[in-house]
Amino acid sequence: MNAENIDLLIRHELPAAAGGDRDAYGRIVAACQNTVTAVALAITHDVPASEDIAQEAFLSAWQHLKRLQNPASFLPWLRQITRNLARDHLRAARHRPLDGETAELAIALAADPAPTPAQKMIEDEREQAAAELISALPEDSRELLLLFYREGQSSQQVAALLGLSDAAVRKRLSRARQDLRE
């Protein structure tokens, strides 16, 4: 339903709703529900909370409908009731301990291991520089470094893979790291 039709419906049904006609008010609620929920969602960023706030806003408007002087101001009035309830919800949520899924989500967001875009860019540049340095090494040194660092193999595992002694692998790793530093 577009805004023009909603306005027409409100003008038509509001006098009956103000007189206590629940069915008339129900039609107003049905027409305005998406708008009111969207206002609450924009403030709370929480779908279930926005739905609860919308219900509370409609109930509050119903209880105070006789105070409304101008039927044309119904929708702005209802949106303001919704904004106030949504802000009240946020204020109350600040002082309420988190539990269940909400707590898990908050912990996950706070401990988000994902790097920021700047960190990702720096990490990508370091990886590119490291790849260029490693590619400049002789093939046997490259192979050792990649098996040990990138594949996470121990020096004994690298030795077994390459048919070398553990001491030889550690010595070659030391030389390869020295070459990289230089």
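Quick one: what pairs do we get from the range 61-89, first residue within 16 Å of residue 12 (Cβ to Cβ), second among the charged types (D, E, K, R), C-beta under 8 Å, 6+ apart or different chains? As it stands, the answer is 71/11; 72/7; 72/11; 75/7, since those pairs meet every condition given. Residues that are crowded, with 19+ Cβ neighbours inside 10 Å and among the polar types (S, T, N, Q) were ranked within the range 38-66; the one that is farthest from residue 24 (Cα to Cα) is 44.
Within the range 147-156, the residues that satisfy the criterion of being assigned to a helix (DSSP H, G or I), exposed (fewer than 15 other Cβ atoms within 10 Å of the Cβ) and either modelled with pLDDT under 75 or of a type in the set (Ser, Thr, Tyr) (or both) are 149, 150. Among all residues of the range 45-56, there is at least one that is closer than 19 Å to residue 9 by Cβ and not hydroxyl-bearing (Ser, Thr, Tyr). Considering only residues in the range 24-34 that are within 37 Å of the chain's Cα centre (by Cα) and either charged (D, E, K, R) or surrounded by 17 or more Cβ atoms within 10 Å (Cβ to Cβ) (or both), the one that is farthest from residue 77 (Cα to Cα) turns out to be 27. Entry remark, the range 165-176: residues being closer than 14 Å to residue 146 by Cα and free of Cβ contacts under 8 Å to residues at least 12 places away in the same chain number 1 in total.
If you go through the range 157-177 and keep only what is surrounded by fewer than 15 Cβ atoms within 10 Å (Cβ to Cβ) and outside any helix (DSSP H, G or I), you end up with 163, 165. Just to be sure, is residue 69 open to solvent by 70 Å² or more (accessible area, probe 1.4 Å), of a type outside the set (Ser, Thr, Tyr) and in a helix (DSSP H, G or I)? Judged against the criteria, residue 69 is not a match.
Out of the range 6-23, which residues are surrounded by fewer than 18 Cβ atoms within 10 Å (Cβ to Cβ) and part of a helix (DSSP H, G or I)? Across the range 6-23, the qualifying residues are 6, 7, 8, 9, 11, 12, 15, 16, 18, 22, 23. Among the residues of the range 94-132, those identified as aliphatic (A, V, I, L, M) and at pLDDT below 80 are 98, 103, 105, 106, 107, 108, 109, 110, 111, 114, 130, 131.
Identify all residues within the range 15-35 that are modelled with pLDDT of 90 or more and not small (Gly, Ala, Ser); write none if there are none. Once the filter is applied, which keeps residues that are modelled with pLDDT of 90 or more and not small (Gly, Ala, Ser), the range 15-35 yields 15, 21, 22, 23, 25, 27, 28, 29, 32, 33.
The values are calculated or read from the model by the stated rules, or taken from the named source; none is laboratory data. Values in this document were obtained by computation on a predicted structure and should not be read as measured data. Heads up, the Cβs are rebuilt from the backbone with ideal geometry, glycines too, and the neighbour counts pull from every protein chain shown. Heavy atoms of the whole protein, side chains included, go into the accessibility calculation; ligands, DNA and RNA do not. Shrake-Rupley method; radii C 1.70, N 1.55, O 1.52, S 1.80 Å.
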